[in-house]
Amino acid sequence: MAPHAGQLNSVSRRYKNTLSGLLGNRVYVGEVFYRGEVYRGEHDGIVGRALWTKAQRLQGWAEVAQLGHITRARASQFARLACLPPDIVEEILSLPATTSGRSPITERDLRPVAAEPLWARQRRDWQKLLGSGALP
C-alpha cells in the first residue's frame, strides 16, 4: 500500500542511507514489519530469501562494493535508489534493455527523484522525467 501524499516513505523515515536499514528492509522479500511483528506483505518480494539472508551479513559499503565489483561511491549511489517507491522500481525494471549506446534513463537521471523524501513527489518527478523525452 502506498503512503498518503504527505507521508514519508519508510526508507527515508527510518533508514535513510544506512547499510543495515537498506539491506535489512523486509519489503525486499515481500514482508512488512509493524509494531514489532513481521507480516506477509501484499506485494511480492523482489529478491529471494537466501540472497536477503546473505545480505544481512554485510558489514559496510566497502564489502558491498567489493562483492559487486564496483566502487564504494557507486554502491552508495545505487543504494539511494532504494528510496524509490516499488511502482517506480517496477517500471524501471520493466524498461526495454538497451542493446547499444547510452540508456535513455540513467542512475544519474534518477538521483533527484530518489532524493525527494515523499513518494507522491517522487512519482510526480518520475512522470516529469518520462515526459521529458528521456524514453523513445
(message) Once each part is reduced to its C-alpha centroid, what is the distance from the range 29-59 to the range 64-114 in angstrom?
(response) 20
(message) Can you give the FRET efficiency to the nearest 0.05 for Leu93 and Arg35, using r as the Cβ-Cβ distance and R₀ = 35 Å?
(response) 0.70
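Taking 0.36 nm per residue of sequence separation and subtracting the Cα-Cα distance, how much length would be gained by fully extending the chain between Ala62 and Arg74, in nm to one decimal? Please list the in-between numbers first.
On the way: separation 12, 0.36 × 12 = 4.32 nm, distance 1.05 nm.
Separation in residues times 0.36 nm, less the Cα-Cα distance, equals 3.3 nm.
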(message) Less than 20 Å from a label point 7 Å out along the Cα-to-Cβ axis of Ala50: which backbone N atoms in the range 60-78 qualify, by residue?
(response) 67-68
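Read-outs throughout are calculated quantities, based only on the coordinates presented, and are distinct from any laboratory measurement. All of these numbers come straight from a predicted model, not from anything done at the bench. Please note: Cβ atoms are built from the backbone with ideal geometry, for glycine as well, and neighbour counts cover all protein chains shown.
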